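Single-structure report; data block below.
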Amino acid sequence: MLLYIHQMLYICSIIIKDTAMKTTKEFLTDNREQVINFYNENVKGLYNTTLNAFMVDLMNNFRKITIVENLTKTDLSGNLIEAKSRLGLMNVETGVTYSKPYSQSNHAKRVNYYGKEKTTQLNNL
């Protein structure tokens, strides 16, 4: 499996000829154990994405987060979390359940009392 990831990183470096990406490739190659552990602990078995898709997304969208000149573990951690989010793993919508119907809500009462325009102005304060 490690050979597969190394080959994938090599292919990505050929596709992207930018010198910054070569630095990124070397950095990710040096830290591939941490990337694989993150995938195994946070993604694998819980979501429908492959290690290949996760690694390609990480490689293509890797960016510098810290202001330090060289890439750091903080950059790696931040990009791992962003890659997980981009794959839709953390973008879960939360449903809201109302305790009473709209006609009994405070907003509906304000619209009835003040009118629609005044209620909009009050809400934008």
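If you go through segment 46-64 and keep only what is under 17 Å from residue 34 (Cα atoms) and either of a type in the set (S, T, N, Q) or in contact with a strand residue (DSSP E or B) (Cβ under 8 Å, 6 or more places away or on another chain) (or both), you end up with 50, 52.
Here's the yes/no breakdown for (1) in the same structural domain as residue 23 (by TED's automatic domain parsing); (2) surrounded by 16 or more Cβ atoms within 10 Å (Cβ to Cβ); (3) without any contact (Cβ under 8 Å) to a residue 40 or more places away in the chain:
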{"residue": "38", "(1), (2), (3)": "yes, yes, no"}
{"residue": "41", "(1), (2), (3)": "yes, no, yes"}
{"residue": "50", "(1), (2), (3)": "yes, no, yes"}
{"residue": "54", "(1), (2), (3)": "yes, yes, yes"}
{"residue": "61", "(1), (2), (3)": "yes, no, yes"}
{"residue": "80", "(1), (2), (3)": "yes, yes, no"}
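Of the helices (runs of 4 or more DSSP H) entirely within segment 73-125, those holding at least 3 residues that are within 30 Å of residue 35 (Cα to Cα), of a type outside the set (A, V, I, L, M, F, W, C) and modelled with pLDDT of 85 or more occupy 73-86.
On the basis of being among the hydrophobic types (A, V, I, L, M, F, W, C) and more than 19 Å from the chain's Cα centre (by Cα), does residue 67 make the cut? Yes: the conditions hold for residue 67.
The values are calculated or read from the model by the stated rules, or taken from the named source; none is laboratory data. This one's a predicted model, so the numbers in the text were calculated from it and none came from an experiment. Every residue, glycine among them, receives a Cβ derived from its backbone with ideal geometry; neighbour counts consider all protein chains shown.
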